[in-house]
Structures are given as C-alpha cells and as structure tokens.
Amino acid sequence: MGIFDFFTFGYSTQITLIMLISWLIAVVVGIVFHEFAHSFVAYKMGDNTAKLAGRLSLNPVVHFDLIGGLCLLFFGFGWAKGVPVNPNNFKHKRAGEICVSLAGVITNFVLAFIFSCLTVIFELYVPIMDNNFYFLIYEIFSFTVLINIVLGLFNLIPIFPLDGYNFIAAAFNIPYMSAFDRFMRQYGFILLLVIIFLPSIIGYSFLSEAVNWIYDAFISLFYIIFT
C-alpha cells in the first residue's frame with residue numbers, strides 16, 4: 001500500500017491525512033527498530049561493524065535508503081540500508097549469524113504484540129472518534145501492529161537478501177558463493193518481485209491472509225484479557 005492508495009478509500013481529506021501520517025510513522029517505527037535490532041545483536045555477539053558505521057542508532061536517517069524509501073512511498077514496498085555485519089568478528093560465528101538474522105523479525109513481532117495491547121486499550125477506553133488527536137494515536141498504534149506483522153512475515157521468506165535466507169544459510173551452514181548461494185544472490189530479487197506482484201495477478205495473497213490472521217489473533221487475545 002503506497003501513499004496514493006489512501007486517497008482512493010473515499011474518506012474525508014482530514015481522515016485521509018490522519019491515516020497517511022499514521023501509516024508513515026508506523027512504517028518508520030517498524031523499519032528503524034528492525035534495523036537497530038540487527039545492529040544491536042551483532043554488537044552484542046562481538047561485531048562492532050554496524051556501530052562503527054553509525055547504525056547502532058534509532059535515528060531513522062542513518063537507516064534511510066533513498067530508492068527503497070521512494071519505492072515504499074509510491075509502490076507500497078521498499079527497503080532500508082542493509083546493516084553491515086562481519087560474521088568473522090562474532091564470538092561464536094554460526095550462533096551469531098543465526099541470532100542476527102532473526103533479531104529484526106523477532107523485534108517486529110514483539111512490537112506488534114505490544115501495540116496490539118495499546119490498540120485494544122484505546123478501542124475500549126478512549127473516545128477515539130470524539131477527538132482527532134486520540135484518533136491519530138489510535139491509528140498509529142493500529143498501523144504499527146499491521147506494519148510490524150508484515151515486516152516480520154515478509155522478512156521470514158527464505159530468499160536472498162531477506163532475513164529468512166540468512167537464517168537458513170546460517171542454520172544449514174550453506175557455504176558462501178556455493179551454487180545455491182550464487183543462484184539466490186543472482187535471482188533473489190527477481191523471485192521477490194514475483195512474490196510481491198503475483199497476488200495482484202492471481203487475486204490471492206497468502207501473505208495477506210497470514211498477516212490478517214496474526215493481527216486478529218493478537219487483537220482478540222487482548223480483548224479477552226481486558227473484557
């Protein structure tokens with residue numbers, strides 16, 4: 001979902017702008033914490049490459065990639081700068097690679113879980129529709145849940161250069177520049193484009209279904225807790 005999609009929903013200009021701002025904030029939160037998690041875990045595992053590059057930070061600017069950011073704004077998918085990591089610096093190389101590869105995904109799901117709680121609290125106890133500021137905060141919470149689930153699931157796809165591939169390569173000890181690794185590095189981006197655009201062609205998206213299921217599960221859990 002890109003920025004222009006918000007203007008096709010038929011809402012008033014005010015509501016549309018609130019939703020658009022909320023979406024942008026949620027995207028920044030999800031991406032920044034995802035990249036920070038990679039940097040932080042790499043540093044804790046013994047590699048300070050990301051820290052020396054200024055990436056051990058929650059400042060969105062240091063993680064921003066111009067082309068990836070523009071693609072995200074206009075086409076609904078994009079990317080941040082890859083976190084520089086030198087596995088040779090890890091105290092335990094294989095464990096370090098596995099932990100770093102999963103750090104961003106785990107962080108996204110933790111954020112989704114936390115903001116699910118906040119979303120339900122707002123739905124139950126705050127007069128959202130009576131105050132534009134409350135509505136803005138609620139939309140930020142809700143979009144943060146959604147965006148982080150999307151980021152978590154998408155990055156689990158085992159295709160280079162996503163975290164899912166890095167985890168598989170580390171867990172199964174796939175040699176760097178082996179035949180399989182070369183194939184994934186050469187054609188991974190093409191495979192990702194197919195995965196991104198195929199649902200619009202066939203009219204079904206397994207990823208969207210999975211996102212909706214997890215979103216509903218998180219929200220329903222906190223409804224059970226608070227009611």
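Bear in mind these aren't lab numbers, they're just calculated from the coordinates by the rules spelled out. A quick note: this is a predicted structure, and the numbers were derived from the prediction, not measured. Using ideal geometry, Cβ is built from the backbone for each residue, glycine included, and neighbour counts are taken over all protein chains shown.
Could you work out how far the C-alpha centroid of segment 168-190 sits from that of segment 35-90, in angstrom? Answer, in whole Å: 21. Its relative contact order, with pairs defined as Cα atoms under 8 Å and 6+ residues apart, puts segment 3-226 at 21 percent. Computed from label points 7 Å out along Cα-Cβ, the spacing between Phe226 and Tyr134 is 1.2 nm. Shown for the chain is the translational diffusion coefficient from the Stokes-Einstein equation, using the Kirkwood radius over Cα pairs, a temperature of 4 °C and a viscosity of 1.567 mPa s: 69 µm²/s. For the chain, the longest principal axis of the C-alpha atoms and the axis of helix 93-125 are separated by about 0°. Amide H contacts of Trp79: Gly68, Gly69, Leu72, each under 5 Å away and 5 or more positions distant or on a separate chain (H built 1.01 Å from N in the peptide plane; Pro and chain starts excluded).
Tell me whether segment 158-221 comes out rounded, prolate or oblate; compute the Cα gyration tensor, take square roots of the eigenvalues as a ≥ b ≥ c, and use a/c under 1.5 as the rounded threshold. Kindly include the intermediate steps, with their values, before the conclusion.
On the way: a/c = 4.65, a/b = 1.61, b/c = 2.89.
Here segment 158-221 falls in the oblate category.
Taking the square roots of five times each eigenvalue of the Cα gyration tensor of segment 1-58, the equivalent ellipsoid has semi-axes of 36, 8, 8 Å, listed largest first.
Among Phe197, Phe40, Phe74, the largest mean-square fluctuation in a Gaussian network model of the chain, built with springs joining Cα atoms closer than 10 Å, belongs to Phe197.
Springs between Cα atoms under 10 Å define the GNM used for the chain, and in it the highest mean-square fluctuation of Leu66, Leu102, Leu162 occurs at Leu66. Between helix 13-44 and the chain there is an angle of about 30 degrees, using the helix long axis and the longest principal axis of the Cα atoms. Applying 0.36 nm per residue to the separation of Leu73 and Lys44 and subtracting their alpha-carbon distance, the gain on full extension is 7.1 nm.
Could you compute the FRET efficiency for Asn86 and Leu207, with r as their C-beta to C-beta distance and R0 at 45 Å, rounded to 0.05? Efficiency computed from Cβ-Cβ geometry: 0.90.
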